[in-house]
Amino acid sequence: MEKKQSIIDQFKGQARLPRLAAPRRYDLHLKLDLVACSFTGVVRVGLAVAEATKFLVLNALELAIGDVCFADSADQKKVRPCDVVMDDEDEILVLAFDEALGCGEGVLTVEFSGMLNAHLKGLYKCAYVDGGEKKYMAATQFEAVDARRCFPCWDEPALKAAFQITLDVPLELTALSNMPILKEKLNGDIKTVYFEESPMMSTYLVAVVVGSFDSVEETTADGIRVRVYCPPGKSDNGKFALHVAVKALELYTRYFSVPYPLPKLDMVAVPEFAGGAMENYGLIIYRENDMLHDELQSTAAKKQRLSEQITVVAMHEVAHQWFGNLVTMEWWTHLWLNEGFATWVSYMATDNLFPEWKVWTQFLQYTASGLHMDSLEKSHPIEVEIIHARAVLEIFDAISYEKGSAVIQMLQSYLGDAIFQKSLSSYMKRYAWKNAKTEDLWSVLTEESGVEVTNLMETWTKQKGYPLISVNLNGHILAFEQSQFLLSGLAGEGLWIVPITLCLGSYERQKKFLLKTRCGEIDISDLFNSPSDCLGLSEENDPEKFKEHFWIKINIYQSGFYRVKYEDKLATQLIKAIESNYVSAPDKFGILDDTHALCQAGKQSLSSLLTLMGVYRKDIDYTVVSNLIEVCYNIVKVYYDAFPDSVDYLRQYFINILRPSAELGWESVSGEPHLNVLLRGEISMALASFGDEKTHEDAIRRFKSLLMDRNTPLLSADTKRAAYIAVMRKTTVASRNYFESLLSIYREADTVQEKERILRHLAASPDPDIVMEVLNFLASDEVRDQDIIYGFRGISLEGREAAWKWLKDHWDFILNKYGTGLLFTNFLTDIIALFSSNEKADEVEAFFANRTTLAFAMNLKQSIEQVRIKARWVQNIKQEESLPELIKQLAIKG
Ligand SMILES: [Zn+2]
């Protein structure tokens with residue numbers, strides 16, 4: 001016992017495996033038993049032993065290890081380890097040999113067995129119903145560090161190897177893996193499926209799916225076979241995703257000037273999946289909601305929304321086949337390279353395929369959530385040191401995806417399309433089949449563009465946070481000052497090289513420069529006197545008219561990752577410009593978002609924010625109005641705690657602001673723009689949740705007709721959500737008929753999207769007892785494990801104490817079931833975020849004092865910080881004593 005401990009101790013506490021040996025090739029044979037939900041396997045790993053060593057150290061977790069032996073390639077001598085020790089904490093398997101293994105090639109053979117787990121990670125079981133009978137299929141989710149739950153391996157992205165996979169599965173099932181099938185052998189009711197050997201790839205991209213599917217297929221112009229696997233009888237629902245995948249392969253092949261490197265691409269939707277989708281090399285696995293498209297039953301409106309979701313997700317995953325799979329991050333510190341790029345590229349590609357969707361404007365919502373997250377003191381840099389592999393899960397967050405993609409967009413718009421694309425193509429060719437670090441990409445961009453990209457970008461990726469740019473105009477001189485923006489109201493230390501863009505009075509009078517120091521000035525006399533735009537105005541030839549049209553917008557189209565604070569005069573002129581509709585939708589979005597953040601940070605009053613919001617009341621741009629609604633929701637949450645007695649007046653004011661956009665009505669008009677469809681849904685939901693009487697009456701009437709006829713034309717997929725909110729807002733323990741009906745609709749629903757829609761709003765009831773009942777329902781067998789998180793998003797303010805109690809009471813259950821998975825952080829962030837008092841923050845801290853693990857430590861701190869930020873905001877609002885009167889006036893004014 002003592003000896004084993006000392007063997008393990010020398011390898012414990014390391015972020016990465018010791019480089020004693022490197023895998024070159026895995027020959028992996030897995031035998032699956034889907035009745036007992038278990039598997040056995042043998043892996044033969046071709047190794048290059050780097051130096052004479054008595055130890056081999058690799059990763060393994062929750063596996064029982066059987067026979068182990070090492071064969072030296074030079075003399076074919078076989079040796080068995082004298083000790084085989086596993087360490088659950090560091091997830092390593094240490095093999096100790098009596099005599100040192102020599103430097104050179106050898107093959108390590110390990111027999112092992114394990115259970116198909118129910119935690120949606122590693123090699124796991126997914127339940128499905130076949131002819132009324134509950135059965136299991138098997139699927140994998142290895143990213144980030146769960147290949148080790150399926151087979152012993154060197155589970156790090158830089159340790160790429162070739163994989164030859166063989167599966168023993170029940171005869172009647174379909175077996176899929178990264179590569180095409182080489183041959184099959186039958187043995188009674190078991191078949192052995194041999195797959196072709198893969199090119200060099202990382203362990204987190206290895207994948208296996210075994211189940212019952214129907215498929216549709218197409219071949220690209222380059223001869224790549226693309227297949228989409230759907231539940232039996234539903235292959236038509238895979239046709240749209242198939243179309244997108246074929247287009248994506250063709251588009252990326254052109255964009256990167258590198259062909260898709262595998263002979264096939266399969267996409268499969270499985271009934272239980274932790275994330276949205278996973279980009280395994282040659283075998284993308286999806287959550288059903290993100291891939292299946294029920295074309296026949298869908299209304300036009302529903303089709304559009306779903307198409308967009310499916311397209312963006314598929315474009316993201318297919319982009320990873322290059323960015324991530326062909327060129328892989330060297331270590332998890334560079335995860336953002338994978339995710340930031342795949343996200344940015346997915347918008348570029350979607351915009352290319354469906355320009356009418358205007359997805360770049362919607363990309364702003366992405367940037368906004370990155371800006372929000374990164375204004376926390378507990379944020380982290382894009383490039384973050386990972387000291388324990390388990391902690392990687394935490395950085396699949398808004399910083400890696402949203403900030404990552406936003407700083408890429410900032411750089412791309414500064415360098416221009418052509419240079420950017422050419423650089424990416426060079427990068428892809430230089431690092432194909434290898435690994436790269438962030439600085440490798442910057443070097444290539446510096447070489448190709450002649451701009452010092454490394455210096456510029458390191459200020460954005462190596463330090464957390466971003467700047468607030470304060471702007472003053474003195475005569476024709478614009479003065480800039482940067483300081484780190486924090487929602488806590490404090491000023492941080494950071495300093496950035498900021499690509500500043502600005503325009504004056506029109507988008508044709510532009511200027512750009514790099515602000516490299518804390519303060520800077522720029523002379524813009526030329527913009528005052530260059531009548532180059534369509535108005536032909538200059539200050540000299542018509543000072544009066546010029547003054548009327550005068551406004552300055554910094555950060556044109558919000559392509560930069562920073563916020564702007566204007567001096568009063570510039571701010572007033574900008575408000576006039578918004579009213580006159582001179583300002584673009586992205587800029588309107590940005591001005592509101594920045595003001596909202598400044599208000600949260602205590603740098604601007606709530607009354608000034610409310611006045612600004614009034615200016616947006618006639619806007620009908622989808623992205624602008626959805627941001628306006630988001631701001632409304634956030635203000636209600638804190639105002640509820642500041643002045644509970646007058647919160648109904650506040651809600652009424654927001655109803656007044658949103659009502660003009662509600663003219664879109666409830667029913668879609670054939671041929672209307674895609675974004676109107678989306679807007680209708682958002683507006684009706686907001687009006688329903690703010691308690692608008694008219695909306696509630698309409699909603700309940702339409703809900704009744706849905707009860708009579710599930711295909712009623714009175715409710716579309718988008719407006720159903722408003723009806724469900726209205727139903728739940730009216731539900732209490734004493735009045736629960738409609739709630740029961742909604743549960744019946746859930747139980748009968750045959751599409752995953754309908755089930756999701758209902759789950760999202762069930763907890764909106766103002767009755768805490770109902771909220772508690774809903775949370776218990778979410779955790780029951782009636783809701784798939786992966787779907788529980790949908791329910792948290794809609795928890796009402798009145799139900800937050802009940803939700804917190806539920807979380808505490810069920811903590812062991814939650815930890816056990818979701819503890820190290822991708823969904824876990826939702827339990828914390830969605831429930832804790834409902835509070836806005838320091839007392840509650842203290843209580844949450846005390847509860848988790850001895851319950852925190854590496855897997856969620858950072859997310860927990862961020863959630864608590866957000867509660868304290870809101871607590872401070874509540875205090876600030878309370879000090880604006882005239883607010884309740886002002887809000888009453890605004891509400892009455894209509
Ligand atoms: Zn991704």
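Can you find a residue that is within 16 Å of the ligand (Cβ to nearest atom), in contact with a Lys or Arg (Cβ under 9 Å, 6 or more places away or on another chain) and assigned to a loop (DSSP other than H, G, I, E, B) anywhere in the range 368-387?
Checking the range 368-387: at least one residue is within 16 Å of the ligand (Cβ to nearest atom), in contact with a Lys or Arg (Cβ under 9 Å, 6 or more places away or on another chain) and assigned to a loop (DSSP other than H, G, I, E, B).
Could you check Thr328 against (1) under 30 Å from Asp90 (Cα atoms); (2) modelled with pLDDT under 95; (3) within 16 Å of the ligand (Cβ to nearest atom) and say which number it fails?
Going through (1) under 30 Å from Asp90 (Cα atoms); (2) modelled with pLDDT under 95; (3) within 16 Å of the ligand (Cβ to nearest atom) one by one, Thr328 breaks only (2).
So Glu508 ticks every box in (1) under 19 Å from Asp594 (Cβ atoms); (2) part of a loop (DSSP other than H, G, I, E, B); (3) over 31 Å from the mean Cα position of the chain (by Cα) but one. Which box is left unticked?
(1)
Out of curiosity, is Asn237 within 16 Å of the ligand (Cβ to nearest atom) and not charged (D, E, K, R)?
In short, no.
Which residues, taken from the range 74-92, are under 29 Å from Ala389 (Cβ atoms), of a type outside the set (D, E, K, R) and either within 43 Å of the chain's Cα centre (by Cα) or surrounded by fewer than 14 Cβ atoms within 10 Å (Cβ to Cβ) (or both)?
Hits for the range 74-92 are Cys82, Val84, Val85, Met86, Ile92.
Working only within the range 214-247, note down all residues that are assigned to a loop (DSSP other than H, G, I, E, B) and under 28 Å from the mean Cα position of the chain (by Cα).
Pro231, Lys234 - these are the residues of the range 214-247 that are assigned to a loop (DSSP other than H, G, I, E, B) and under 28 Å from the mean Cα position of the chain (by Cα).
Are any residues in the range 315-325 farther than 17 Å from Trp442 by Cα and either more than 9 Å from the ligand (Cβ to nearest atom) or assigned to a loop (DSSP other than H, G, I, E, B) (or both), and if so, which ones?
Selection gives Met315, Val318, Gln321, Trp322, Asn325.
Could you say which residue among Glu184, Glu196, Glu250 is of a type in the set (Asp, Glu), more than 16 Å from the ligand (Cβ to nearest atom), farther than 30 Å from Lys755 by Cα and touching a residue at least 40 places away in the same chain (Cβ under 8 Å)?
The unique qualifying residue is Glu196.
Mind telling me which of the residues Val733, Val631 ends up being β-branched (Val, Ile, Thr) and buried (at least 20 other Cβ atoms within 10 Å of the Cβ)?
Of the residues listed, the single one that is β-branched (Val, Ile, Thr) and buried (at least 20 other Cβ atoms within 10 Å of the Cβ) is Val631.
Can you say whether Ala71 is touching a Lys or Arg at 6+ places or on another chain (Cβ under 7 Å), exposed (fewer than 15 other Cβ atoms within 10 Å of the Cβ) and in contact (Cβ under 8 Å) with a residue 12 or more places away in the chain, as far as the supplied structure shows?
Criteria not met by Ala71.
Pick out the one residue from Val624, Val583 that is within 26 Å of Tyr466 (Cα to Cα) and outside any helix (DSSP H, G or I).
Every option except Val583 fails the conditions.
Please specify each residue of the range 272-296 satisfying the condition of being away from the ligand (no atom under 16 Å from the Cβ) and either surrounded by fewer than 18 Cβ atoms within 10 Å (Cβ to Cβ) or assigned to a helix (DSSP H, G or I) (or both).
Glu288, Asn289, Glu295, Leu296
I'd like the full set of residues that are over 28 Å from Pro261 (Cα atoms) and of a type in the set (S, T, N, Q), limited to the range 171-189.
Asn187, the sole residue that qualifies.
Where residues in the range 341-367 are under 28 Å from Thr595 (Cα atoms) and at pLDDT 90 or above, which of them is farthest from the ligand (Cβ to nearest atom)?
By that ranking, first place goes to Leu364.
Quick one: which of Glu105, Glu89 is part of a strand (DSSP E or B) and of a type in the set (Asp, Glu)?
Glu105
Identify, from the list Ala891, Ala871, Ala855, Ala846, the residue that is of a type in the set (Gly, Ala, Ser) and closer than 30 Å to Ala144 by Cβ.
Ala855
The values are calculated or read from the model by the stated rules, or taken from the named source; none is laboratory data. As the structure is a prediction and not an experimental result, all values here were calculated from the model. Here the Cβ is made from the backbone with ideal geometry for all residues, glycine too, and neighbour counts use every protein chain on show.
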